[in-house]
Amino acid sequence: MSISWKEVLKGNVGVITLSWILFGVGMSLTAPYFPLYVRMLGGEYLDIALIGFWSNLISSFLTLLGGYIADAYGRKKIVVYLTWGIVAMRFFYAFAPSWEVVLAVSIAEACFRMYIPALSAILLDSLPPEKRAGGLLLAGSATILPGLFFPPVGGYLLDTMGLNGLRLCYIISGATGCLAAGLRMFMLKETHSVSEKPELSTVLLEVWRDYIKGLKESPRVALILIETTAFFTIPSAMAFRLYGPLYATEVVGLTGSEWGIFISISNVVSLILSLTTFFILDKFPRKLLLLIDGTTRLSMNLVLVHPSPYSVLSATILSSISHSLVFSVRRALLADLVEKDLRGRLSAVDALSRTFSMSASNLLAGVIYSFSPLVSFEVSGIIALLDVLCVLFFIKEPKVKKT
């Protein structure tokens with residue numbers, strides 16, 4: 001049975017989707033140029049990697065606690081409070097005097113991202129099993145909408161105003177973030193009420209024990225899915241994700257505006273694909289979709305070995321397609337495999353492994369890119385191939401999906 005966007009984008013899913021659109025405006029202005037911002041503030045290639053390493057490492061340790069709170073205390077409060085913290089950091093980015101301050105702000109921002117498992121749990125709780133993959137894809141593709149228009153705006157401000165142009169982008173990002181935080185505060189509904197809440201002083205003592213219990217009760221294939229994501233999926237995309245703007249401007253010779261236009265084009269393709277497939281996405285085997293995603297990342301890295309504007313455009317399109325597909329399908333499969341009561345904790349374990357992977361992948365990509373941009377994409381291509389092989393031989397879907 002096909003589903004309509006009206007069936008999916010209602011209640012909590014609609015609130016989360018709209019908040020992502022608002023955050024997406026600011027991210028579309030700033031994220032494509034973050035490495036350039038660090039460079040303009042005095043950072044080197046490896047400094048860019050270090051920012052990602054430390055922010056993801058700090059986030060890793062707090063993610064487990066965030067998932068535990070989501071299951072033990074409820075989802076909404078942690079989402080609302082920490083979303084406001086994220087918004088505040090956008091303004092600190094805007095007035096950072098050096099890359100070292102950007103590093104400090106990114107670490108603080110990572111602390112506030114402890115709410116991510118709770119938000120993921122709300123989203124999954126609010127989608128019925130037969131609509132999960134399509135619903136996640138549609139909600140996730142909402143962040144693409146601002147990406148259709150605003151990346152070239154950020155590039156234009158960069159080309160015409162330089163550093164001050166990017167500072168203005170971060171101020172706008174903070175303003176739209178305030179709207180998103182207010183929306184979550186007043187419109188989001190709790191999905192996991194608990195009658196007895198443990199004392200806060202006991203949480204840290206119990207968190208590891210409960211996570212170990214949750215891991216033991218989870219099916220092995222769910223853990224394999226988490227492991228393949230951490231060891232292969234994320235590292236295979238990190239070089240272009242981290243250094244794509246620098247590769248495009250310094251190696252290929254694009255302007256900031258041209259890079260922004262490429263981002264917008266890739267988002268158009270990704271959005272069209274999302275809107276045309278979300279109706280039928282849940283009809284396809286999750287494993288097949290994971291294989292398609294891995295092949296997409298492999299192709300992305302292969303085209304980057306030959307520097308040209310066309311290869312950069314192709315890579316941005318392939319990267320956008322992969323990003324819109326990979327986590328919607330993987331999160332849907334994870335929800336299919338795991339009972340609702342364990343979903344918050346296992347979502348946190350998944351997020352923890354991903355942030356650990358991002359930390360290590362940042363350093364790996366930074367070291368290799370500093371040595372040779374082309375070699376970094378060759379290594380990433382090999383990792384993408386390993387990801388495809390792991391999915392092919394080790395991932396199995398459940399016969400009955402969890403509700």
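The values are calculated or read from the model by the stated rules, or taken from the named source; none is laboratory data. Quick caveat, the model's predicted, so the values are computed rather than measured. Because the Cβ atoms are built from the backbone with ideal geometry, glycine has one as well, and the counts that use them run over all protein chains shown.
Give the residue, chosen from P117, P128, that is of a type outside the set (V, I, T), closer than 28 Å to K283 by Cα and buried (at least 24 other Cβ atoms within 10 Å of the Cβ).
Criteria check complete, one pass: P117.
Could you list, in sequence order, all residues of segment 267-278 that are surrounded by 17 or more Cβ atoms within 10 Å (Cβ to Cβ), in contact (Cβ under 8 Å) with a residue 60 or more places away in the chain and either in contact with a Ser or Thr (Cβ under 9 Å, 6 or more places away or on another chain) or of a type outside the set (V, I, T) (or both)?
Answer for segment 267-278, where residues must be surrounded by 17 or more Cβ atoms within 10 Å (Cβ to Cβ), in contact (Cβ under 8 Å) with a residue 60 or more places away in the chain and either in contact with a Ser or Thr (Cβ under 9 Å, 6 or more places away or on another chain) or of a type outside the set (V, I, T) (or both): N267, S270, L271, S274, F278.
Consider G344 against the criteria (1) modelled with pLDDT under 90; (2) surrounded by fewer than 20 Cβ atoms within 10 Å (Cβ to Cβ): it satisfies all of them except one. Which criterion is unmet?
Unmet for G344, out of (1) modelled with pLDDT under 90; (2) surrounded by fewer than 20 Cβ atoms within 10 Å (Cβ to Cβ): (2).
Please determine, by comparing only the residues of segment 283-295 that are of a type in the set (D, E, K, R) and surrounded by fewer than 22 Cβ atoms within 10 Å (Cβ to Cβ), which one is farthest from P128 (Cα to Cα).
So, considering only residues that are of a type in the set (D, E, K, R) and surrounded by fewer than 22 Cβ atoms within 10 Å (Cβ to Cβ), the one farthest from P128 (Cα to Cα) is K287.
Check whether at least one residue in segment 351-373 is in contact (Cβ under 8 Å) with a residue 24 or more places away in the chain and part of a loop (DSSP other than H, G, I, E, B), and report yes or no.
no
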